[in-house]
Protein chains: 2
Amino acid sequence: MTNGRRAIGLDIGGTKVAGAIVSEDGTVHAELRRNTPDTSDAGTMNGLLRDMVSELRAHEAGTGVCAIGVGAAGTVEWPDGRIRWAPNSSYQDWDLRADLEAATGLPTVVDNDGNVAGLAEARLGDTRNDDMVLLTVGTGVGAGIMLGGRIYRGPHGLGAEVGHMTINPDGPRCGCGNHGCLESMASGTALARMGHNAAAHDPDGMIAGLAREADGEVTGRHVTTAAMAGDRTAQSLFERLGRALGIGIAGINAIFEFEVVLIGGGLVDVGELLLGPARRAAREFHYGPPGVRPVPPVLPATYKGDAGKIGAGLLALEEA
Amino acid sequence: MTNGRRAIGLDIGGTKVAGAIVSEDGTVHAELRRNTPDTSDAGTMNGLLRDMVSELRAHEAGTGVCAIGVGAAGTVEWPDGRIRWAPNSSYQDWDLRADLEAATGLPTVVDNDGNVAGLAEARLGDTRNDDMVLLTVGTGVGAGIMLGGRIYRGPHGLGAEVGHMTINPDGPRCGCGNHGCLESMASGTALARMGHNAAAHDPDGMIAGLAREADGEVTGRHVTTAAMAGDRTAQSLFERLGRALGIGIAGINAIFEFEVVLIGGGLVDVGELLLGPARRAAREFHYGPPGVRPVPPVLPATYKGDAGKIGAGLLALEEA
């Protein structure tokens, strides 16, 4: 820790908003969490964020925080901090940076949630590196790309949407409307879809049984539970999911020269069930002789659900 | 032209080596071309390049050139200028930068041929732009990526191999050994393969006829000739080729935020037969609402076969 500067990091997701006071070495000094309101329009969200900032600052009597950083799901204009569009939230055209600066008086930066999570891993993760990608495999597939120690965003913040590169034009329909995006084949949503189909084909199987016990539709969680309990069908779905992820990884490894590929998000908790097939496919589809173009290691991310708020705080300390 | 500095640009391809004296505004003051020797090992190539540099310098009595830039097919270590590997040439582990500096006494830079061609387009093309990609569609699919006005190479020059991102894991085998690379579906090699199959299915068709007249195998040239003469079968092959190219473009547009996508290489001479379906697929598979994430225009490159030597000269003037 070079000095005692601290910032508030906020991570706005589709189901919850996490906040923390973060110092430059990633230490979390206070934290809190709120559910994302069902009506997540800009006015409601502004009120929620203002309250969270007030509550966090109350923890810090005397020491204070110097800035706010926000990571938000969706397309965020950089450096303006305006949220243009979010496929899974009702806010859009939201001048979040301006609104939060006006409400708090603190300099604020706003970035995509994948970008700030990638920053946390690049700066403070176990494999800290200036040239790397973090893929977050959850409901969707998010990403943070670091090139030469800087977040790659494109000139206006519209880049790094790795989850929506096409890995098979004949693949399933994605939530974004396209077909065969990486996200459509390697996300929790893809896992739920595959699990649903597997249960329909085998109503006596473990996946179908778990869904019946829960009295509902098959979810990714049922497939995960079955796979970790040794169910071969569920494990084969992770094999497909991991292979699709690895094909996407090979594609980005052709374009970039990364020294490490990190996998975060909820699904990485299954470990080798996902990472094993992902590594094999990333190697199978890798471009060039490994002695000439090395295959970067595919590793689990260091920070789990905390990457967003910590990275948002770091971004504020670096750029606000 | 800010001053009169000039450099020698050399473009090393699989069939020919082009050389020129280039000034900062892209003016070519002298040029020459040699066939690439059948035995393109490092020793033979060093002799050829040394002779070409001598001959070019003889044109410039009194004014002189200050540096040499080289664009070469293959994997080139940056900034060392060592060619690690080239899928279609016999040179490898060739210390080209050191060899050429020793032979000529001029500061030298060596880069991938797609990178220097992209530099020429970014600096001097009709759509000069700091954030763009040039895809060269010829025997293979090469690329030059410009981010914020700089060539993106990765930390050691191993990046930007866009032609080898996977766009369909069930696609045809690529020259690199993988399946379904962009290059395997959107290159002259892909066109020849599709033409060969079309001729086998329709021996009385125009493609088969052109190959018979030439007394040989179907080549991409036969398909191009037939398509430009109005043959529907040949045109449908360009439709497939262009669609594959557009799917690849959509993938890189998800990852990057480019303001223009340029298509160069020999196949772009067919114009809309290739560009039309490429634009349609790039739009069909584009991520995000066009009002939020604009679809960059897909345009033919400004420089045809000259992009390599001009870009190599520019690179020498900027970085040698």
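The values are calculated or read from the model by the stated rules, or taken from the named source; none is laboratory data. Everything numeric in this text was worked out from a predicted model, so none of it was measured. Ideal geometry is used to build each Cβ from the backbone, glycine not excepted, and the neighbour counts take in all protein chains shown. To get the accessible areas, we keep the full protein, side chains included, count just its heavy atoms, and leave off ligands, DNA and RNA. Shrake-Rupley method; radii C 1.70, N 1.55, O 1.52, S 1.80 Å.
Things worth noting here:
- Top-ranked residue of segment A:17-59 - restricted to ones that are part of a loop (DSSP other than H, G, I, E, B) and among the charged types (D, E, K, R), ranked as most open to solvent (accessible area, probe 1.4 Å): A:ASP38
- Subset of segment A:103-130 [open to solvent by less than 20 Å² (accessible area, probe 1.4 Å) and part of a loop (DSSP other than H, G, I, E, B)]: A:LEU106, A:GLY125
- Taken over segment B:242-269, the residue count meeting the criterion of being within 14 Å of another protein chain (Cβ to nearest Cβ) and open to solvent by less than 30 Å² (accessible area, probe 1.4 Å) is 18.
- Selection from segment A:274-301 of residues that are out of contact with any strand residue (DSSP E or B) (no Cβ under 8 Å at 6 or more places or on another chain) and either buried (at least 18 other Cβ atoms within 10 Å of the Cβ) or touching a residue at least 12 places away in the same chain (Cβ under 8 Å) (or both): A:GLY276, A:PRO277, A:ARG280, A:ALA281, A:ARG283, A:GLU284, A:HIS286, A:VAL295
- Considered as a group, the residues in segment B:194-209 that are without any contact (Cβ under 8 Å) to a residue 24 or more places away in the chain and farther than 25 Å from B:THR136 by Cβ include one that is surrounded by the fewest Cβ atoms within 10 Å (Cβ to Cβ), and that residue is B:ASP204.
- Within segment B:138-153, considering residues that are assigned to a loop (DSSP other than H, G, I, E, B) and free of Cβ contacts under 8 Å to residues at least 60 places away in the same chain, the one farthest from A:MET146 (Cα to Cα): B:GLY140
- Checking each residue in segment A:60-79 for being part of a loop (DSSP other than H, G, I, E, B) and in contact (Cβ under 8 Å) with a residue 24 or more places away in the chain picks out A:GLU60, A:THR63, A:GLY64, A:VAL65, A:CYS66, A:ALA67, A:ALA73, A:GLY74, A:TRP78, A:PRO79.
- Residues within segment B:60-77 that are among the hydrophobic types (A, V, I, L, M, F, W, C), open to solvent by less than 40 Å² (accessible area, probe 1.4 Å) and either more than 15 Å from B:ALA312 (Cα to Cα) or within 14 Å of chain A (Cβ to nearest Cβ) (or both), tallied: 2
- Of residues in segment A:161-188 being open to solvent by 20 Å² or more (accessible area, probe 1.4 Å) and in contact (Cβ under 8 Å) with a residue 12 or more places away in the chain, the one farthest from the other protein chains (Cβ to nearest Cβ): A:PRO172
- Matching residues in segment B:275-320 - criterion: being β-branched (Val, Ile, Thr), under 20 Å from A:GLY74 (Cα atoms) and at pLDDT 95 or above: B:VAL295
- With respect to (1) charged (D, E, K, R); (2) buried (at least 18 other Cβ atoms within 10 Å of the Cβ); (3) touching a His at 6+ places or on another chain (Cβ under 8 Å), the lone exception for A:ASP231 is condition (3).
Results for (1) in contact with a strand residue (DSSP E or B) (Cβ under 8 Å, 6 or more places away or on another chain); (2) farther than 22 Å from B:ALA254 by Cα; (3) of a type in the set (Asp, Glu); (4) at pLDDT 95 or above, shown as yes or no for each residue.
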{"site": "B:LEU106", "(1), (2), (3), (4)": "yes, yes, no, yes"}
{"site": "B:GLY140", "(1), (2), (3), (4)": "no, yes, no, no"}
{"site": "B:ALA186", "(1), (2), (3), (4)": "yes, no, no, yes"}
{"site": "B:MET194", "(1), (2), (3), (4)": "no, yes, no, yes"}
{"site": "B:ALA199", "(1), (2), (3), (4)": "no, yes, no, yes"}
{"site": "B:ALA208", "(1), (2), (3), (4)": "no, yes, no, yes"}
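- Just one of the listed residues (A:LEU191, A:LEU135, A:LEU158) is crowded, with 24+ Cβ neighbours inside 10 Å, touching a residue at least 12 places away in the same chain (Cβ under 8 Å), in a loop (DSSP other than H, G, I, E, B) and of a type outside the set (Ser, Thr, Tyr), namely A:LEU158.
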